[in-house]
1. Would you kindly calculate the translational diffusion coefficient of the range 16-172, applying Stokes-Einstein with the Kirkwood radius from alpha carbon pairs, for 4 °C and a viscosity of 1.567 mPa s, and quote it in µm² s⁻¹ without decimals?
2. Mind checking the dipole of the range 195-317: about its Cα centre, +1 per Lys or Arg Cβ, -1 per Asp or Glu Cβ, Debye to the nearest 20?
3. Would you please give the residues with an amide H less than 5 Å from that of THR19, counting only those at least 5 places away or on a separate chain, with H modeled from the backbone geometry?
4. What order, most packed first, do the peptides 229-236, 129-136, 80-87 have when packing is the mean number of other Cβ atoms within 10 Å of each residue?
5. In whole Å, what are the extents of the chain along the principal axes defined by its C-alpha atoms, from largest to smallest?
6. Might you report the magnitude of the Cβ-based charge dipole of the range 10-123 about its Cα centre, with Lys and Arg at +1 and Asp and Glu at -1, to the nearest 20 debye?
7. I'd like to compare 103-115, 154-166: which one has the highest average count of other Cβ atoms within 10 Å, and what's the full order after that?
8. Between GLN126 and GLU223, what is 0.36 nm times their sequence separation minus the Cα-Cα distance? Round to one decimal in nm.
Amino acid sequence: MKRLSFENGDSMPILGLGTWKSAPGEVYEAVKQALRIGYRHIDCAPIYGNEAEVGRALSESFRDGVVDRERLWITSKLWNDAHAPEDVRPALEKTLKDLQLAYLDLLLIHWPVAFPNGVVFPRSGQDFLSLDDRPILQTWAAMESLVDGGLCRHIGVSNFSVAKIGELIGNARRKPEMNQVELHPYLQQPAMLAFCAQQGVHLTAYSPLGSLDRPSALKAEDEPVLLEDPVIARVAERRGATPAQVLIAWGIERNTAVIPKSVHPDRMKENLDAAEMSPSPEDMQEIAGLDRHRRYVEGSFWTMEGSPYTMANLWDE
């Protein structure tokens, strides 16, 4: 499997297992099965509400000799209520306790959005802090100290625009090494891809299959279903693959990590097999025509009345 390399010599498997939306009771078995069939990259976050279950699966897999910790890449994220410098380390320590790990491979700022500590999800505009009140650079400095202390090996961001990454690179002691963003053929983000390649920042694609199983509150009426796109279906038929495999292989061909979520062993195996596919230039050119700048996770839940966040200042578009 292709791997993404980091300056210190570490490398991350380009395909991982996503755990967002994996229900309680399901993610434990999903992670154990994924490790058995060859996954070596697991993507987590405390807001997913299942890190303790993931941790149990990891611990048992280490104990049973399925895989060594050193052969795994584990990513987690800093939630929006832990951006104050004094809250950053305790938040990571809680994640490490839940995951039953001594260190993370990668810690990401989950969103460029801040809440007071203890606010899990805002109920009104009063539950937000602006980035002037809670500057990203202060949060980042606290994360840099986590690398210095050996609690995580790499740090990065998620849902950051080109402008926000550029500001961080220009002012930080350690540049972000990853930006995890929504990426798929309906949201190809060529400017982001080019900027991050130029700056040496890797990209991870979330919702690479179009996030059909996300909560109904996040869905729009009559939204396009990526897995049912006729162009994807045509490429899949030509390649003797499934539409999901085409979407995964497309992301990997662009040198972006891909983290499809599944709790079904057969689909997890299909997704893993897709990492060995090589789309042709004709496949890539055909899929390039699908870009419609369509976000499935468009962030409007951060823009309620009274919030300092708008769609314009969230994405800088």
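Where a number appears in this text, it was derived from the coordinates with a stated rule and is not lab data. Because the structure is predicted, anything quoted here is derived from the model rather than measured. Backbone-built Cβ (ideal geometry, glycine too); neighbour counts: all protein chains shown.
1. On the way: Rh = 16.2 Å.
Estimated via Stokes-Einstein, D reaches 80 µm²/s.
2. Details: 12 positive and 20 negative charges, 52 e Å.
Its charge dipole is roughly 260 debye.
3. When sequence neighbours closer than 5 places are left aside, the close amide H contacts are ASP43.
4. Put in order of decreasing packing, that is 80-87, 229-236, 129-136.
5. 53, 47, 37
6. 140
7. Values: 103-115: 23.2, 154-166: 21.2.
Per-residue mean Cβ counts within 10 Å order the peptides as 103-115, 154-166.
8. Numbers: separation 97, 0.36 × 97 = 34.92 nm, distance 3.11 nm.
Once the chain is fully extended between GLN126 and GLU223, it gains 31.8 nm.
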